[in-house]
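The values are calculated or read from the model by the stated rules, or taken from the named source; none is laboratory data. Remember, predicted model here, so these are calculated numbers, not experimental data. Backbone-built Cβ (ideal geometry, glycine too); neighbour counts: all protein chains shown. Quick note on the areas: whole protein, heavy atoms, side chains included, nothing else; ligands and nucleic acids left out. Shrake-Rupley method; radii C 1.70, N 1.55, O 1.52, S 1.80 Å.
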Amino acid sequence: MSRPLQLTIQLKWYLLTGSLFLVSIFGLQACNKQGVGEANAQTQQANPTPDGIPRLANGKPDFSGIWQSTSGADYDLEPHNHREDAPPGAGVVEGKYLPYLPEALEQKKKNFAERKKLDPALKGYTLGVPRGIYYPAPFQIFQREKDLFIVHQFGHSVRTIFTNNTGHPKDPYDWWLGDSRGTWEGDTLVVDARHFNDKTWFDSAGNYHSDALQVLERWTFLDRNTIEYQATITDEKVFSRPWTLSVILHRHREKDFQLIEDYRFTLEYDEFYPPRPSGN
């Protein structure tokens, strides 16, 4: 291929991807503004409550907002010392350590040894459940009476939690984010998520699961700006018994805070787009 032709093809590619990038940004900003407005409208319709917890018109807690964990759980769910790619941490698992089956533990050790090459997050893949909740990036919840949408800043994965008394599909595929069905236990949202593939990890230390993964989540307000998030993991192919993790989620209250474009597959072209004013 001649040099001029190659440059022409590259230029067309940069213009195309740059345009898609800007469309995505504007679309995400519009989604943020529209979603926040809808969430505020729903909350305003609800009756005031003595506990200060925001609620929908039907009285159920309203989790709408932008949330983030500061737990550091994504470095390693288990207790660990300082290492080159992670600060020390006490872990977030009840009982401290994951109950791996012997063969699965050997695979986890291999994952850890090759984590800088194998971690799906480093490839920009969807983080999965529950990792997307405690990964160190914000996510936004849009809530209606019949469902919740969780929009992750990382890769802009969108997860739907149905709260309309419907069950899991009888003939499902295996999905990156599974299939999530929520019910209420008082003010706690209980979510049964299943039908996952095996392509995500729990953290950057190589803790992993199979396609038999099932996650039972519990979302509970501690106050209007703080959520306790618990996830009980069941995977008979990898673990000898179910185990539970727990983290705290904090509401972002900074002025004009919003999700920002974070598509990892574009990194090698970052110097070429988005278009910048001349001289910058």
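Cross-linked pairs LYS96/LYS237; LYS110/LYS237; LYS60/LYS237; LYS199/LYS237: Cα-Cα separations exceed 26 Å for LYS60/LYS237. Of the solvent-accessible surface of segment 162-246, computed with a 1.4 Å probe and all protein chains present, 45% belongs to carbon and sulfur. Dividing the convex hull volume of the alpha carbon atoms of segment 74-161 by its residue count gives 130 Å³ per residue. Counting charges near GLY167 (Lys, Arg +1; Asp, Glu -1) among other residues having Cβ under 10 Å from its Cβ returns a value of 0. Extension gain for ARG83-ASP51 works out to 7.3 nm (0.36 nm per residue, less the C-alpha to C-alpha distance). For segment 147-231, applying the loop criterion from DSSP together with a ceiling of 11 other beta carbons within 10 Å to the trypsin sites (Lys or Arg not before Pro) yields LYS170. Taking the empirical scaling 2.2 N^0.38 Å for compact globular proteins as reference, segment 124-280 has a Cα radius of gyration ratio of 1.16. Taking 7 Å steps out from each Cα toward its Cβ at HIS250 and GLU94 produces label points 2.6 nm apart. Per residue, the accessible area of segment 102-206 comes to 46 Å² when a 1.4 Å probe rolls over the protein heavy atoms. The order of GLU217, GLU268, GLU106 by accessible area, most exposed first and with a 1.4 Å probe, is GLU268, GLU106, GLU217. The relative contact order of segment 133-261, computed from alpha carbon pairs under 8 Å that lie at least 6 residues apart in sequence, is 15 percent.
Farthest towards the positive end of the charge dipole of segment 104-236, among the residues LEU127, ASN225, PHE112, is the Cα of PHE112, using unit charges on the Cβ of Lys, Arg, Asp and Glu. The modelled label-to-label distance for the pair LEU122/GLU185, using points 7 Å beyond Cα in the direction of Cβ, is 3.8 nm. Annotation note: chymotrypsin sites (Phe, Trp or Tyr not before Pro) in segment 154-212 located in DSSP loop regions with a Cβ neighbour count of at most 11 within 10 Å are TYR173.
Taking the Cβ of ASN58 as the centre, find all other residues whose Cβ is under 11 Å away and add up their charges (Lys, Arg: +1; Asp, Glu: -1). Its environment carries a net charge of +2.
The magnitude of the dipole of segment 150-251, with charges of +1 and -1 set on the Cβ of Lys/Arg and Asp/Glu and taken from the Cα centre, is near 140 debye.
Put a dot 7 Å past the Cα of ASP198, heading toward its Cβ, do the same for GLN107, and the two dots end up 0.4 nm apart.
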